[in-house]
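Notes to accompany the following structure.
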Amino acid sequence: MKLSEKEAIVQKLQEGLASAQITIITDYEGLNVEKLSSLRRELREAGAEIHVVKNTLLRRASEGTSADLLREHFTGPSAICYSSTDPVLPAKVLTKFAEANEKLEIRAAVLEGKPLTVADLKALSELPSREELLAQVLSAMIAVPTGFVRVINAVPSGLVNVLTAIKDQKEAA
C-alpha cells in the first residue's frame, strides 16, 4: 500500500472517530466475508460504520480522539466500529451479532469520551432505542393533559347525572 493511500485511510478514519459518539473495537478473526458483509450492512442501516484496519494505522487515526482510550486493545486483527448518531443502535447490532457468531469478540468501547467494558456495552445494548424512549416521553406528556381533561369533564357529567336522578325521582312521585 502506498503512503498516500495510508494517509487517506488515516484521515478518513480520524474524521469519523473525531465525530463519533460511540467507538467499539472488536476482534473479527475467523469471520468469513459473507458474515462480515452482513454485519457491515446491519451497522450501516443503524447509522454506524465498521472498518478493518491495520493497528498501526488505527493508532495514528485515533490520536486526538476519544478512541485513543482504546489504544491498548489495538492488538491482533481489529475492526473498529463507530457512530456519530445513535450510540445504542450499534451496540445492539454488535452484541446481537456477537451472540449469534462466537467468532466476533467485542473487546472494549468508548462512549462520548468514557471507556466502557464489554458488560457496560451489553447493558447499553439492552436500553430502548431513541425512538422508543421518545415515544415513552410523548405518552407521558399526553397522559397528564388527558387525565386533566377527564377530571374537568367529570364535574359537568356528575351534575347532569344528579339532575337526571332528581328529575326521575320527581316523575316517579
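Any read-out appearing in this document is the output of simple, stated calculations on the displayed coordinates, not a laboratory observation. Just so you know, these numbers come straight off a predicted model, no measurement behind them. Cβ placement follows ideal geometry from the backbone for every residue including glycine, while neighbour counts extend to all protein chains displayed.
Screening R107, R59 for residues that are crowded, with 17+ Cβ neighbours inside 10 Å and charged (D, E, K, R) leaves exactly one candidate, R107. Within the range 62-71, being crowded, with 17+ Cβ neighbours inside 10 Å and assigned to a loop (DSSP other than H, G, I, E, B) holds for one residue alone: T65.
I need a count of the residues in the range 56-102 that are among the β-branched types (V, I, T) and under 11 Å from the mean Cα position of the chain (by Cα). Spell out how you get there, then give the answer.
Initially, the range 56-102 is screened for residues among the β-branched types (V, I, T), giving 56, 65, 75, 80, 85, 88, 93, 95.
Okay, now just the ones that are also under 11 Å from the mean Cα position of the chain (by Cα), so 85, 88, 93.
Number of matching residues: 3.
Any chance the range 149-166 includes a residue that's basic (K, R) and closer than 28 Å to L39 by Cα? No, the range 149-166 contains no residue that is basic (K, R) and closer than 28 Å to L39 by Cα.
For the range 16-51, a residue qualifies if it is outside any helix (DSSP H, G or I) and small (G, A, S), and the qualifying residues are S19, A20, G30, A46, G47, A48.
Can you tell me which residues in the range 28-60 are touching a helix residue (DSSP H, G or I) at 6+ places or on another chain (Cβ under 9 Å), acidic (D, E) and closer than 18 Å to F74 by Cα? E49 - this is the single residue of the range 28-60 that is touching a helix residue (DSSP H, G or I) at 6+ places or on another chain (Cβ under 9 Å), acidic (D, E) and closer than 18 Å to F74 by Cα. If you go through the range 82-111 and keep only what is of a type in the set (V, I, T) and in contact with a helix residue (DSSP H, G or I) (Cβ under 8 Å, 6 or more places away or on another chain), you end up with V88, V93, T95, I106, V110. Among the conditions (1) surrounded by fewer than 20 Cβ atoms within 10 Å (Cβ to Cβ); (2) touching a strand residue (DSSP E or B) at 6+ places or on another chain (Cβ under 7 Å), the only one that S78 does not satisfy is (1).
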